[in-house]
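This report refers to the structure that appears directly beneath it.
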Amino acid sequence: MNEAAQDFSDEQLGKARAGEAAALAALIRAHQRSVYSLALRMLGTRDLAEDLTQDVFMQLSGNLKSIVSSTHLVFWLRKVTSHRAIDQLRRRARIETIPLDEEIPQLSTVDDGDPLLHRHLWRLLLSLSPSARAVLLLRYQEDLDPIDIARTLDMPINTVKSHLKRSLEVLRQKAPNPEPLRCEGKSP
Amino acid sequence: MNEELESRLRAALRPVAPSDEFTRDLIARVAADQRSSSDARSAHGRRPRARGWWLSASVAASLLVAAGVQHQLQERHERERGLEARREVIEALRVTSQKLNLAYEVIKNQSSFPADDKPGA
């Protein structure tokens, strides 16, 4: 989760648990970027990502009493989002569908980044299995270490490491020359 | 090579925000869901009172049934006592009738003997 989410205090969580609407709204605002991004990059379309984000926060509102701390909250959101996305992908008949160009979601916050890089990374992400995709996103979007990824996905740590190694290998083989695809969007 | 790839991945996979409209809708829906859950919990909290009412009604109904059964048992007991008394009266009348018949037979036999048959006559 991002820094704003990490900084969400236990006090605010307590207020949200007590039913304060403003605290609940603050909680959603603090964590929605992470949940939405995970959902978007797992599922591939904005509509599906928005539906999943809404489902996760609905489930959270019913389970607030069981959340004991802001750290627990972040862990819970990652876990529920990842598991729901993996389940959804496994239910779908064609999980490797590549969206049309206009449907390729924004992968980066860098608006002036190279769209070709976005497109290429998007294709690479979609070529991975649901579990491997989740591992990769938790590692490089959420910046979790393999132990935390294993806890989040209920997966043996060796499986996590294996997914990471294989995914990076695939990405390295398929990735284009980094020079023309630099993500920073600097003018040549 | 791996480090470069990892840094590119981190840069490309920074979290993105959903639209403001979606965020507004999401907050409104979750808040509404929490309110309805809270209402449901309140309704759930009223259930003990409803259960108390049903308990009182059940106890009252049980008492009424018990009183009815008791009344019927008492009536049957009194009826049986009446029948027993009737049987005793009938038996007493039967015994009395037998004794009267016996006395009648004795008197009748005595009156049928001639006077000269009496010794010393």
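The values are calculated or read from the model by the stated rules, or taken from the named source; none is laboratory data. Keep in mind the model is a prediction, meaning the values are calculated, not measured. We place every Cβ from the backbone using ideal geometry, glycine too, and count neighbours over all the protein chains shown.
Which number in (1) under 15 Å from residue B:22 (Cβ atoms); (2) under 20 Å from the mean Cα position of the chain (by Cα) marks the one condition that residue A:25 misses?
Failed condition: (2).
Could you list, in sequence order, the residues of the stretch A:60-73 that are surrounded by fewer than 19 Cβ atoms within 10 Å (Cβ to Cβ) and more than 10 Å from chain B (Cβ to nearest Cβ)?
A:63, A:65, A:66, A:68, A:69, A:71, A:72
Based on what the data block shows, is residue A:39 of a type in the set (A, V, I, L, M) and either surrounded by fewer than 19 Cβ atoms within 10 Å (Cβ to Cβ) or within 11 Å of another protein chain (Cβ to nearest Cβ) (or both)?
yes
Could you figure out which of (1) more than 10 Å from chain B (Cβ to nearest Cβ); (2) modelled with pLDDT under 75; (3) outside any loop (DSSP other than H, G, I, E, B) isn't true of residue A:149?
(2)
Taking interchain pairs and intrachain pairs at least six residues apart, which have beta carbon atoms under 7 angstrom, with the first residue in the stretch A:1-18 and assigned to a loop (DSSP other than H, G, I, E, B) and at pLDDT below 55 and the second aliphatic (A, V, I, L, M) and surrounded by 17 or more Cβ atoms within 10 Å (Cβ to Cβ)?
So the pair list comes out as A:1/A:74.
Taking the options A:53, A:45, name whichever one is under 16 Å from the mean Cα position of the chain (by Cα) and within 12 Å of chain B (Cβ to nearest Cβ).
Of the residues listed, the single one that is under 16 Å from the mean Cα position of the chain (by Cα) and within 12 Å of chain B (Cβ to nearest Cβ) is A:53.
Regarding the stretch B:34-45, can at least one residue be identified that is surrounded by 11 or more Cβ atoms within 10 Å (Cβ to Cβ), part of a helix (DSSP H, G or I), facing another protein chain (nearest Cβ under 7 Å) and modelled with pLDDT of 85 or more?
Looking for residues that are surrounded by 11 or more Cβ atoms within 10 Å (Cβ to Cβ), part of a helix (DSSP H, G or I), facing another protein chain (nearest Cβ under 7 Å) and modelled with pLDDT of 85 or more, one finds none in the stretch B:34-45, hence no.
Just to be sure I understand the filter: pairs with C-beta atoms under 9 Å, separated by 6 or more residues or on different chains, first member in the stretch A:148-160 and without any contact (Cβ under 8 Å) to a residue 24 or more places away in the chain, second member polar (S, T, N, Q) and crowded, with 21+ Cβ neighbours inside 10 Å. Which pairs pass?
That search, which allows pairs on different chains as well, returns nothing.
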